[in-house]
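Scroll down for the structure; my scribbles are underneath it.
The numbers here are math on the coordinates, done by the rules we state, and not lab data. Note that this is a predicted model, so its numbers are computed, not measured. FYI the Cβ positions are ideal-geometry reconstructions off the backbone, even for glycines, and counts take in every protein chain you see.
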Amino acid sequence: TQLLEQSPQFLSIQEGENLTVYCNSSSVFSSLQWYRQEPGEGPVLLVTVVTGGEVKKLKRLTFQFGDARKDSSLHITAAQPGDTGLYLCAGRYGNKLVFGAGTILRVKS
Amino acid sequence: KAGVTQTPRYLIKTRGQQVTLSCSPISGHRSVSWYQQTPGQGLQFLFEYFSETQRNKGNFPGRFSGRQFSNSRSEMNVSTLELGDSALYLCASRLGQGSSYEQYFGPGTRLTVT
């Protein structure tokens, strides 16, 4: 059982559509991060959220940390083919960073 | 500032052999972590080194080992390779201070065991 559950596992959408990816847990995290990984490369850090209820925006990407710090969401507005990749959430759990299984996003033009 | 570098990028080994992978962290970063990534298991934590000491270890057999040098560069070694060790091995570095645990990943070493 994953400590962090991501949904959906796979998402295929058309360019211009909006989407939301979820990262849920029954555990409380002191911080949570989102990464994007492209094939053959390492994950790239997108954002870190620390405070419950925190919302951060990165261009067309909006990240939210749940009030109880157990869940997070990533919303992409007007998706573009360049958004294609594997999106991973990761949370600090004790003195380790644990990762969700990831959401594979494919944006078709 | 240069990012995390890993060498080699690709490696093909035969079952039973051993392999050493290298990682150079971002300048000033003192913590280096290693992960194994496979399609079935996702990102699995191997171990973390800070100031030349192993601070955390994941649930991997003793065939997987690592070390860190005084310049923060790190190596990981896998002995007696098995087919199931085929994976992308990722190294990540962080400052080692602060509570956010933000990590910066290298491009990975793609290991294929035949």
Within 13 Å, Cβ to Cβ, of B:THR7, how many net charges do the neighbouring residues add up to if Lys/Arg are +1 and Asp/Glu are -1?
+2
Would you give the gap between the C-alpha center of region A:1-24 and the C-alpha center of region B:1-47, rounded to a whole Å?
27 Å
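Taking 45 Å as R0, compute the FRET efficiency from the Cβ-Cβ separation of A:HIS75 and B:ASN77 and round it to 0.05.
E between A:HIS75 and B:ASN77, to the nearest 0.05, is 0.60.
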FRET efficiency, A:THR20 to B:GLN44 (Cβ-Cβ, R0 22 Å, nearest 0.05):
0.25
Any idea which of A:HIS75, A:GLY102, B:PHE60 is furthest toward the positive side of the dipole for the protein assembly as shown, if Lys and Arg beta-carbons carry +1 and Asp and Glu beta-carbons -1?
B:PHE60
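For region B:41-110, calculate the relative contact order in percent as a whole number, restricting contacts to Cα pairs under 8 Å that are 6 or more residues apart.
Worked out over region B:41-110, it gives 20 percent.
For chain A, compute the number of Lys pairs whose alpha carbons are separated by less than 23 Å, excluding pairs fewer than 8 positions apart on the same chain.
Qualifying lysine pairs in chain A: 4.
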Global geometry of the protein assembly as shown, whether rounded, prolate or oblate, following the gyration tensor of its Cα atoms and the 1.5 cut on a/c
prolate
Across peptide A:83-89, how many C-beta atoms of other chains are within 10 Å of each residue C-beta, on average?
1
